[in-house]
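Here, each number is a calculation from the coordinates, and none is a lab measurement. Owing to the predicted nature of the structure, the values given are computational and were not obtained by experimental measurement. For neighbour counting, all protein chains shown are included, and Cβ atoms are generated from backbone atoms with ideal geometry for every residue, glycine included.
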Amino acid sequence: MNHIVDFSLDPATTAILAIDIQNGFCDPGGSMGSAGGDIDMMRSTIPHIRELVEAGRKRGVTDIWTKQEHYANDVTKQRHKIMPHTLRWAAGPTGVKGTWDSEFCAEISDLVESTEEIVVKHRFSSFFDTRLDTMLRMRGITTLIVTGVATTHCVETTVRDAYQKDYDVIVPAEAAGALDRKAHDASLWMIDRFFGKVLPVRDVVELLRGGTLEIDFRDGWLEHRP
């Protein structure tokens, strides 16, 4: 098999998925930031996601935004014998339904208001107990450009599920972010090796604009990133 291919995107079968760009994760006044979490990397994804979505819309690429909603009285968390992640950190459950924390960040509110698709989720994966897979299949989508936060949680889990559902997956590196650089890099390494392809944002923008890139699938992201 030839590992070096000329790669391009078909706008009709491609969608951009923007995961959880919400105040609780990406705003300094949100749960994560106010509890002392280093949200700088997650916040830095916002202009990159805007660039990708705007480039995609010019060629008719669908953009989909997920919204994480927790419940303050979630009994499933209370039943655990092993403490769930939302109770292990100082921030507690982030993005509680009906709060400012759960709202989309102001910097991308115009894009969210003009999108055709918002998917509400309650777990890490954008596919788990949501309408996402059905909606993608109805639209004929086969390639997902996955962006958002956190790389180590909702992004990686969504990418794994997408791969298992036979979608082709691209992750624009600077358009995904996490609380910890080392963990973020480990997630990108795993995604690039097994579940999709990690590329610089500039390359993905070029693909969205109709360009063709030569991609060597033997090259690892961490070993060859700019």
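A compact table of results
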| quantity | calculated |
| --- | --- |
| Relative contact order of the chain, defined on C-alpha pairs under 8 angstrom at six or more residues apart (%) | 29 percent |
| DSSP loop trypsin sites (Lys or Arg not before Pro) with at most 10 other Cβ within 10 Å excluded, longest remaining stretch of the chain | 89-217 |
| Cα centroid of region 28-87 to Cα centroid of region 166-213, whole Å | 17 Å |
| Residue with peak Gaussian network fluctuation, the chain [Cα springs, cutoff 10 Å], from Thr115, Thr152, Thr143 | Thr115 |
| C-alpha long axis of helix 40-58 to longest principal axis of the chain, angle in ° | 50 degrees |
| Two-site FRET efficiency, Arg79 against Asp180, from Cβ-Cβ distance with R₀ of 25 Å, rounded to 0.05 | 0.30 |
| Candidates Gly30, Gly196, Gly60: whichever shows maximal mean-square fluctuation once the chain is modelled as a Gaussian network with Cα springs under 10 Å | Gly60 |
| Proximal charge balance of Asp40 [Cβ under 14 Å; K/R count +1, D/E count -1] | -2 |
| Among His70, Gly36, Thr13 the positive-end extreme of the charge dipole of region 1-108 (Cβ point charges) | His70 |
| Reachable lysines from Lys77, criterion Cα separation under 23 angstrom, eight or more residues apart if same chain | Lys67, Lys97, Lys121 |
